[in-house]
């Protein structure tokens, strides 16, 4: 047989690679983005109730109505936008499936999709599998800001979609209101769809407001917003997320969604709907993770690593250029094998493998985990 590998230029995702290395070398794993602490006991109690209930068969294809209504309430509480839970919200099997579904719904062969790098690693493969062409625009180091004039230059008659991500994984930066207004102006009177990855929407620091596409009337009409419950309620293994889009877009999205997964875990949808009916269970996330960020930074203040600004997510970038001039992909292996701590090299988030000597560390960990990690980091000398 002659087989064509549509993703032959892509290997195993870096998160799988680094977590496997961490396990192999018994290292502290600050690479993959998941908490090492348990979720709220109340959440697990509610889950046990629904796993013992009659809701063990297929959920409705768009998601159970209680969860869609809860999402609608969250959106109104946070962004003052009324979204119809019947026609404008779809529950997905995590944010990665949501992103793939949105891309598969609209990107055809030869369509161009603008992706900002460093970029989360699921965007470009989804574009390529569906016959699209990634067009890369680099966020400007060291602040990782968008050059909107460059974006204008990259838009052509073939541009089908622009993918944005805020709060941004892997850099921890956020888009401003001015950024979203620029995007709204650039896409005005075009057929361009905006795919907005907002899975860390509730993890934003220093009294900032998250600038969702849902805040902007005109922009929302061409936008698909993606979010995830895993980051919000500390259950990344549940793999439940959602899509929000105006009804004309959502009608098309649901046609693809039904043939990818059809429906998502029914008892857990019921669980999340009940738990997030209390707004404090998502509004408290800002302080919870800002405290962890600030504590981790305080532990690192005498190290040779230089932290970059982190405005959201539960990741922080550390510059190791005072310690080594090795490529980040080599230095990160040394950290795992010799010092027993795992991070993610930033160059893997660029299609050109650009190396600024930066590593991404996850601080969604118990304080004792962060303390052990910081002790190791502070032993590294130049």
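Worth a mention:
- Qualifying positions in segment 14-38 - in contact with a helix residue (DSSP H, G or I) (Cβ under 9 Å, 6 or more places away or on another chain) and in a loop (DSSP other than H, G, I, E, B): 25, 27, 30, 31, 32, 33, 34, 35, 36, 37, 38
- Tallying residues that are in contact with a strand residue (DSSP E or B) (Cβ under 7 Å, 6 or more places away or on another chain) and part of a loop (DSSP other than H, G, I, E, B) within segment 142-166 yields 4.
- Filter result for residue 203 (touching a helix residue (DSSP H, G or I) at 6+ places or on another chain (Cβ under 7 Å) and either buried (at least 22 other Cβ atoms within 10 Å of the Cβ) or touching a residue at least 12 places away in the same chain (Cβ under 8 Å) (or both)): yes
- Cβ pairs under 7 Å, 6+ apart, first in segment 140-166 and without any contact (Cβ under 8 Å) to a residue 40 or more places away in the chain and assigned by TED's automatic domain parsing to the domain that holds residue 108, second part of a helix (DSSP H, G or I) and surrounded by fewer than 20 Cβ atoms within 10 Å (Cβ to Cβ): 146/179; 148/182; 148/186; 151/186; 152/186
- Residues located in segment 283-302, provided they are crowded, with 19+ Cβ neighbours inside 10 Å and within 18 Å of the chain's Cα centre (by Cα): 285, 289, 293
- Candidates 232, 236: the one that is surrounded by fewer than 20 Cβ atoms within 10 Å (Cβ to Cβ), within 13 Å of the chain's Cα centre (by Cα) and under 30 Å from residue 59 (Cβ atoms) is 236.
- Some residue of segment 41-52 being touching a residue at least 12 places away in the same chain (Cβ under 8 Å), surrounded by 14 or more Cβ atoms within 10 Å (Cβ to Cβ), part of a loop (DSSP other than H, G, I, E, B) and not assigned by TED's automatic domain parsing to the domain that holds residue 269: no
- Residue in segment 97-116 that is under 19 Å from the mean Cα position of the chain (by Cα), modelled with pLDDT under 95 and within 24 Å of residue 245 (Cα to Cα) present: no
- Residues in segment 196-215 that are within 19 Å of residue 82 (Cα to Cα), touching a strand residue (DSSP E or B) at 6+ places or on another chain (Cβ under 8 Å) and outside any helix (DSSP H, G or I): 196, 198, 201, 210, 212.
The values are calculated or read from the model by the stated rules, or taken from the named source; none is laboratory data. Keep in mind it's a predicted model, so treat the numbers as computed, not measured. Ideal geometry is used to build each Cβ from the backbone, glycine not excepted, and the neighbour counts take in all protein chains shown.
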